[in-house]
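Heads up: the structure comes next, in structure tokens.
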Amino acid sequence: MDLIAIVQILDSTLRLATPLLFAALAGLISERAGVFDIGLEGKMLAAAFFSAAFAFTTGNVWLGLCAGIIASMFLSLIHGVASITFRGNQLISGVAINFLAAGLTVVIAQNWFRQGGRTPTLTGDARFPRLNLPFADALRDVPVLGPVYSVILSGHSILVYVGLLCVPLTWYVLFRTRFGLRLRAVGENPAAVDTAGISVIGLRYGAVMIAGVLCGLAGAYLATGLAAGFVKDMTAGRGFIALAAMIFAKWRPWHALGAVLLFGLLEAIANRYQNIDLGFIVLPAQFMQALPYVLTVVILAGFVGRAIPPRAGGEPYVKER
Amino acid sequence: MSNRRIPNWADVVLVPLFSVVLAFIISAIVIWAIGEDPWEATKMMVQGAFGSSYGWGYTLYYATNFIFTGLAVAVAFQARLFNIGGEGQATLGGLGVALVCLHLPWPHWSLALVAASFGAALFGAAWAAIPGYLQVRRGSHIVITTIMFNFIAAALLNWLLVSVMRPSGSMDPASARFPPEVRLPRLHEILDVFGIPFSRATPANISLLVAILACVLVWYMLWRTRLGYQIRAFGQSEPAAQYAGISPFRITMYVMLISGALAGMMAINNVMGEANRLLLNAVEGAGFIGIAVALMGRNHPFGVFLAAVLFGFLYQGGAELALWTNIPRELIVVIQALVILFTGALDNLVRIPIAALFARRRRS
Amino acid sequence: MSDAAHTLERPAGAVPPAIELRGISKAFGPVQANKDIHIRVEKGTIHGIIGENGAGKSTLMSILYGFYKADSGEILINGQPTEIPDSQAAIRAGIGMVFQHFKLVQNFTVLENVILGAEAGWLLKPSVSRARGLLKQLATDFGLNVDPDALIEKLSVGHQQRVEILKALYREADILILDEPTGVLTPAEADHLFRILRGLKEQGKTIVLITHKLREIMEVTDNVSVMRRGEMVDTVRTSETSPPHLAELMVGRKVLLRVEKHPAKPGPVVLDVKGLRVVDDMGVERLRGIDLQVRAGEILGIAGVAGNGQSELLEALAGLTPGEGAATLSGQPLDVTGKSSDGYTRRMSGVSHVPEDRQRRGLIMNFHAWENVALGYHHDPAYNRGAFWMDNPAILRMTEDYMKAFDVRPPNPALTAESFSGGNQQKLVLAREIERGPELLLVGQPTRGVDIGAIEFIHQRLIELRDAGKAVLLVSVELDEILSLSDRIAVMFDGRIMGERLPEQTDEAELGLLMAGVTEKGAA
Amino acid sequence: DPALVYDLGGKFDKSFNEAAFMGAERWAAETGGSYRDIEMQSEAQREQALRRLAEAGQNPIVTTGFAFSSVLNEVAPDYPDTKFAIIDGFVEQPNVLSILFAEHEGSYLVGMLAGMASESGTVGFVGGMDIPLIRRFGCGYAQGVLAANSDATVVANMTGTTPTAWNDPVRGGEITQAQISQGADVVYAAAGGTGVGVLQTAADAGILSIGVDSNQNYMHPGQVLTSMLKRVDNAVFDAFEAGADLETGVMVMDLAAGGVDWALDEYNEDLITDEMREAVDAAAEAIRSGELVVHNYTDDDSCPVLSF
Ligand SMILES: Nc1ncnc2c1ncn2[C@@H]1O[C@H](COP(=O)(O)OP(=O)(O)OP(=O)(O)O)[C@@H](O)[C@H]1O
Ligand SMILES: Nc1ncnc2c1ncn2[C@@H]1O[C@H](COP(=O)(O)OP(=O)(O)OP(=O)(O)O)[C@@H](O)[C@H]1O
Ligand SMILES: [Mg+2]
Ligand SMILES: [Mg+2]
């Protein structure tokens, strides 16, 4: 595998990792606050559709982005009402949200565009352009730095860079701010937060809503950055891969970045090589597709160190002395 | 849940009933919002699903699938295990059926049915056993692992159908057709015996009876056998179960094996009874509908049966809608989602007011 | 008008009471936890509230702290009528509370726990450094020293409690409520706590101390209010009352401190434990080598402050927690490693177990009574037909018998366990475990949260079992229960047995010392 | 009335199914007749859809896509009075017309164009679902490329192995990226809806692409070299036209029969030089006359010039 190929694979890794990154951070924040969220997939999907739909009708990708985020936050709200206010089962609520998105996007798309549940192809300002970082062209021919900077780092849509920025941001908020302290506390022991006079409900809604925004970015990037429009089920399980990445990262932002890059790499490789010949054995494409899930199971099984979720995770908060 | 008291019958009947009604009301709003007439749509669905023996046939065919997957989820729920791996387990079940039907010579369908059921159950159970084992022995969250196993199953079947089981020359990723001997009697053939005319064009088949039998057996197992007792005890309180000497490992494994076996057995209906060959994505999300069915059926086999028929109706009716109107089939997914949401996650939305009502009646 | 009444009682110009509650009522579903409570706590005093388990103490204080909303009644702080809808409001009103069960984030540091909810700004750094300074201050002022950077999960219970107090003080509380603070403390730790409380009182803080230990009331409080069955029975000056009088107020009639029983006729050794050790999953050594013997026809009482290993002892012997060491049951080896045994095999070998926590372990709350009767005996041939089927009618019949024998009320096997009162739940468990005539009965906190009538009944049954020549191992935190039931008393402290005493040759004082880990010097 | 059943890619895949749709629309427009059409969401619906249409008395019923063959084989006998047609599939039933296209021939032609247009000497092929039919496209294409430039390299990738591969633009785009990085400067997308992503990416990266089935030149004017036309529209039109007395059997739509072709219109005329056109026309003529035989992958499930 020559250098240029590697560079290109890393380049596409970064693209493919971005939606995973947003979604993984979303799950991370929600679950750090003690609300399990297996509805990432659904929120991404809804965001993907609405961002594409509005980007197409208004011709402005930024309006599309807003629409996507709003749609995703709306689903987050449902999740919050079900699992926080009415103390319902967070997992079931998540499952429901995934189906709701899978169904509604197609129903609405069909109703609006009559194109078999997809939006028309986006062009021009309806898509996120690829940004060239400063000096990208100048540096292109510098031996090592050149490819790394000009090819791998440069030339992505702005959301890729936003995603990368979200990692330190999430870390800082979680571990250096009051909000982060309370957020982590409510995921570990809501009673402590409650008796400290802070609203558990409020904090958890906050976290769930932030997750909504991040999933919105993930979906919008998928439909208006990576692709040029919405097609049904276009998230294709990325929400669950993100979930996997989050567990893989044991609910830590920087590790999450590492995990999504790994999974992005796997997808990039699978895209490029149908079957990978290791000499003694040929790995079929399906193996590469299944690998992230297999890896997650391995992690969960604790073979690569235990993954311990926040203590109050999944538990609706009920007062008791 | 809420610590308010509410009579058991209300919790079992009223709560799911109102939840479903809520779900349907919102579905109606969706239909109306996309510019169709909910009333007309409903009529068309009912007509399409129950208006003819053809409709009935398909309704019952879908219901059969959902009974199996619904029971699978319900049994697991009884032990407080949330098995959302029905999809993958049913997929593997299909593989089991295919192997039995393709690679062994069968003189008569009845023998084939028994063997295929066994194969399906075996494969489904095996696929469920791994997450079960990881849950008890390594503490891996079974919800996540079963999700992962759904994807892994899809990839596995995909590879098998594309690279291994596809007959040479055939283009679509599907196994060869099963020999005619293993073709299961369709519902109309069975009804003919009693002189009841029934549409010959529907895939409803003898698996329906197997499914109903499964309902009875599961009920019996849960409420009449020691294993059932241990399962329910374990589900209600793990510390108490441990105190009673019910080993969490053993019970979790039993439950996941049974659950997976039930999910897998769905394959005798869709793979052996309908398609007569192994197709990609033959499960068509029935594994997930099992969740809705179990939730609606309050994890009771009888409830599961009713809920399964309801979803069979939704599916067949929905297919008709998609056929004759602009309402895409995904509308059913929306309804399914709403049912899961209201019966499974928002049940307190209904329970709390009902509880308040009873409280008031108690006072006066 | 009750207002008028209260103001009249108070001498003109006196400081208003720090807390005044008027007609507070609170019901949990059917349970009336508080009925029309009136109470007044004077400024700068330590005010005790006593009452049996379930009397409603915690509920009342939780209402004062805004944790629960009262159904009716009003709250006055320093004479001002105050609405306390939530804890935030309580904190603003200068109330701090140390709950019976601590509210700490286990994997946070002390500092993080202290500032949680009282941060200086949206950034953590300033708050942390500010808190660090203040903690030093408080440490020196009140001897409240804990390592500010230690993780809570690494701290002893006593220290965790200090953190709770620090939390309150950090929020500048001048009313401090402690809910059964000493339940989890050794007498030594308790004394330290009382010193702290006195110090706080000097600083003019008002302290409400909830407990049901008379000794503590007499030791530190200025005034004491007595609660019974959710009602406020009386408030008296501590100096003007006496333990017996308080006890009487508490239970509503004279308490007999001894159960009358014939002297034991100990038979052969039934349970013989040597060097039993238990290490919990946090790696902490809970039992550090226990040696004990229980003979047929005797009750061995295990005294000790909660959390000194009694629970682990019971669970290990019941085969629920894996341990190390040797044990025999009437000569036969008894597996304490949990490898070749579980709750079921234990019963088969004649060991019954009444668990400390009946609601979590002993019963399945939404199983029918009759299903609960089969719990742990579900393999009993009498309850089974063939290899798989359970004989439900047989279980039902058995349940009816049990309910008669132990007069469980209401005697309806079809009711779910949760619909029985605590006492009757306990009777159900005892019936299940005793009626089998086990060789050895392991009992934990048999009368916790059980009303007085049931207590006597339960004590009688245990004595009967003993007189039937069975061995009984009794664990209880209630000293007088231990004293009145046991034929021998072993005192546990920090995972060890500090010593054995005969009830007639010892008293609460001596046992208290042992429970505190103090072994007498000059004893031969 | 006639009826049309689309395959999983969906009615608006800008490609195969859309071509069928166009044919039906044209028929409706010209004859003023009305027809009914359905999109598939999953394998298991195929049979139900066919039966439902047959029961409703639709005739003839045209199905697009090989995936219907096995089902049709079951269903057709139950409705002897109904005429069925299947595109890309072969079903031996008295009342079924099997319409087969010689995609390898069309692909050969666009392959030649790619070979001539490529400066890097490397061209790409993005297939949809990895099935013999698509390999037939790829193999024909590769033969054409090599015919034009004997030392050119052909990078071939399939999008996936399931029907979703017909409809995964994101993956199509990434695969195209990968092929570009391998030096490809012309990419042929034979991937249904996935092709949208391929053409998009190619256009973004400023290289040439080749559309399939329908004429896709318009999608990125001046950046789509050409499109391999598979006249599904004609097939559908004729079937609808024939109506209830559609004569059944097998119909092979090859280059000679005008079943396949390459697209030249205002959007790509600047890209096609005269010698390119001459060369391709010559080859086309040779194929029609039979003196040039393009190897058909599905004849022996192997391709002499390309390994998938
Ligand atoms: N008939 C029996 N005699 C003695 N011990 C038994 C018997 N049945 C089970 N045990 C013990 O009871 C505990 C629970 O075992 P287990 O749950 O397998 O019993 P079981 O319910 O009969 O088995 P299953 O439910 O799978 O048929 C184990 O310690 C087992 O060894
Ligand atoms: N959250 C609750 N839900 C239902 N019942 C409750 C709740 N909290 C308390 N109770 C009931 O109210 C009564 C008073 O409980 P409370 O805890 O106030 O008594 P207590 O005096 O604190 O007992 P203890 O000395 O054991 O702490 C008890 O019967 C208890 O069962
Ligand atoms: Mg068992
Ligand atoms: Mg209390």
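Miscellaneous remarks
- Most mobile of A:Ile158, A:Ile108, A:Ile308 in a GNM of chain A (Cα contacts under 10 Å): A:Ile308
- Measuring max minus min along each principal axis, the C-alpha atoms of region B:274-364 give extents of 61, 31, 18 Å (largest first).
- Taking 27 Å as the straight-line reach from the Cα of C:Lys154, the lysines in range (excluding those fewer than 8 positions away in the same chain) are A:Lys250, A:Lys319, C:Lys103, C:Lys125, C:Lys136, C:Lys167.
- Model label zone, D:Glu266; criterion: amide N under 13 Å from point 7 Å along Cα-to-beta-carbon; scope region D:212-235: D:218, D:221-222
- Summed side-chain charge close to D:Glu30 - residues other than D:Glu30 whose Cβ falls under 13 Å, Lys, Arg +1, Asp, Glu -1: -3
- Between region B:274-297 and region D:75-104, the alpha-carbon centres lie 30 Å apart.
- For chain C: relative contact order, % (alpha-carbon pairs under 8 angstrom, 6 or more apart): 14
- Backbone phi angles across region C:496-508, fed through the Karplus curve with coefficients 6.51, -1.76 and 1.60 (θ = phi - 60°), yield HN-Hα couplings of 10, 9, 7, x, 10, 9, 9, x, 6, 9, 9, 8, 4 Hz in residue order; Gly and Pro are listed as x.
- In sequence order, calculated HN-Hα J values of region B:25-35 (Karplus, 6.51, -1.76, 1.60; Hz; x Gly/Pro): 4, 5, 4, 4, 4, 4, 4, 4, 5, 8, x
- Reach of C:Lys427 by Cα under 16 Å, taken over lysines that are not fewer than 8 positions away in the same chain: C:Lys404
- In region C:107-172, Rg over Rh equals 0.93, where Rg is the alpha-carbon radius of gyration and Rh the Kirkwood radius from pairwise Cα distances.
- Taking A:Lys250, C:Lys69 and counting other C-beta atoms within 10 Å, the order from fewest to most: C:Lys69, A:Lys250
- Three principal axis extents describe the C-alpha atoms of the protein assembly as shown; from largest down they are 122, 81, 67 Å.
- Counts of other chain beta carbons within 10 angstrom of each beta carbon in peptide C:388-401 average 2.
- Percentage relative contact order, chain B, counting C-alpha pairs under 8 Å, at least six apart: 35
- Mean-position separation - Cα centroids, region A:193-223 and region D:260-284, in angstrom: 57
- FRET E, pair A:Ala136, A:Tyr172, Förster distance 35 Å, beta-carbon r, rounded to 0.05: 0.80
- Taking each residue as 0.36 nm, the span from C:Ala326 to C:Asp149 lengthens on full extension beyond its C-alpha to C-alpha distance by 59.7 nm.
- Distant-in-sequence amide H partners of C:His353 (H built 1.01 Å from N, under 5 Å): C:Leu442
- Amide H to amide H distances under 5 Å link C:Gly48 with C:Leu209, C:Asp222, C:Asn223, C:Val224, C:Ser225, where only residues 5 or more positions off or on other chains count and H is placed in the peptide plane.
- What the Cβ-Cβ distance of C:Glu42 and A:Phe280 gives, at R0 = 60 Å and to the nearest 0.05, is a FRET efficiency of 0.10.
- Counting beta carbons within 10 Å around each of B:Trp159, B:Trp324, C:Trp370 and listing the fewest first gives the order B:Trp324, B:Trp159, C:Trp370.
- Centre-to-centre, using Cα atoms only, region B:17-73 and region B:115-191 are separated by 27 Å.
- Sequence of B:Cys215, B:Cys101, A:Cys66 once ranked by neighbouring C-beta atoms within 10 Å, starting from the fewest: A:Cys66, B:Cys215, B:Cys101
We did not get these values from a lab; they are worked out from the coordinates using the rules stated. For clarity, every value in this text was computed on a predicted model and none was experimentally measured. So basically every Cβ, Gly included, is an ideal-geometry build from the backbone, and we count neighbours across all protein chains shown.
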